Amino acid sequence: MSTEAALALLSDRPLVVLTGAGLSTDSGIPDYRGPGSRPRTPMTYQEFVATDAARRRYWARSHLGWAVMGRAEPNRGHRALAALDPELLITQNVDGLHEAAGSRRVVALHGRIADVVCLDCRRTSSREALQHRMAEVNRGWLERHADAVVNPDGDVELDETADFVVPGCADCGGPLKPDVVFFGENVPALRVARCYEAVDRLAEEDGALLVAGSSLTVMSGLRFVKRAARLGVPVVVVNRGATRGDALASVTVEVGCSEFLLTLAGRRLSPSAAR
């Protein structure tokens, strides 16, 4: 359907917005499943906790990927969403760019890659601090593998990782994990409950759910589209390519997220607020 139909539906309703990796491509972070994306199988939680070798492989790749992910800046789509200030912004992304753009009411379903947690003592710490520690004990690693291809979740394509040294927790020496939800883990129940509550309020307030840049392949995001459709809440899906939620949508639009969100912000706000 047309972009105009989607904009008309969203022009003056309370909004909950669900975003995916397609929103961050304009910030230089690759998409998982968009047009031209390479098939890949991310490491599962069960793999990560099973062996030192698996954790070494993960951190060796992630140490390289952070050089791109850590420098990423919010794009026009992130800033337009911050200006729109929806009732709730639910993101499947771990890049923290919505928060960096100034969005106030954000649920990061899968956590933030900028945080690290110890699997033993559960202390959380900064990824930036860990990056410096890894660089100290793996001198020259970044330079030797500077051409590795970056993946959407902040790691790279790399096979040779056996000589990478992974520091332990600064407090207890335990194994460290990025504070994100891996495949095979569950999204924390309180996050899910907050999102369901926001979608439920849309049914009471004649609101709408906007999905931007997500293929809705995984249930962590699709469940909110299913909930909205069941409650009779209009759903607009903006994504380049088909999604798993298209059959539930009131309107689907295949355009770039930044382009659409800028236009939507211009409709709902003064032109100056959407820049």
Carbon and sulfur: what percent of the chain's accessible surface (1.4 Å probe)?
-> 48 percent
Charge dipole (segment 127-270, unit charges on Cβ, about Cα centre) - positive-most of SER250, PRO175, VAL137 = SER250
In degrees between 0 and 90, to the nearest 10, how far off the longest principal axis of the chain does helix 52-69 point, with axes built from Cα atoms?
-> 60 degrees
Using the charge dipole of the chain (Lys, Arg: +1 at Cβ; Asp, Glu: -1 at Cβ; taken about the Cα centre), state which of ALA108, LEU190, LEU202 has its Cα farthest towards the positive end.
-> LEU202
Anyone know which of GLY174, GLY140, GLY96 comes out most mobile in the 10 Å Cα GNM of the chain?
-> GLY140
If you place +1 on the Cβ of every Lys and Arg, -1 on the Cβ of every Asp and Glu, and leave all else neutral, what size is the dipole of the chain about its Cα centre, to the nearest 20 Debye?
-> 300 debye
Would you mind computing, in nm to one decimal, how far apart the modelled labels at SER126 and LYS226 are, each placed 7 Å from Cα along Cα→Cβ?
-> 4.1 nm
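Output the antiparallel fraction of DSSP beta bridges having both residues in the chain, as a percent to the nearest 5.
Bridges in the chain are about 30 percent antiparallel.
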Pick the calculated mean projected area of the Cα convex hull in nm² for this structure from (1) 15.1; (2) 14.4; (3) 13.0?
-> (2)
Just ASP115, ASP163, ASP171 to compare: in a GNM of the chain, with alpha carbon springs under 10 Å, which one fluctuates most?
-> ASP171
Once all protein chains are kept in place, LEU262 shows an accessible area at probe 1.4 Å, nearest 10 Å², of 50 Å²
Rounded to the nearest whole Å², what accessible area per residue is found for the chain with the 1.4 Å probe?
-> 46 Å²
Could you sort 189-199, 70-80, 246-256 so that the peptide with the highest average Cβ count within 10 Å comes first and the rest follow in order?
-> 70-80, 246-256, 189-199
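The values are calculated or read from the model by the stated rules, or taken from the named source; none is laboratory data. Note that the structure is predicted; figures quoted are calculated from it, not measured. All Cβ positions, glycine included, derive from the backbone under ideal geometry; neighbour counts span all protein chains shown. Protein only, heavy atoms only, side chains kept; ligands, DNA and RNA dropped before computing areas. Shrake-Rupley method; radii C 1.70, N 1.55, O 1.52, S 1.80 Å.
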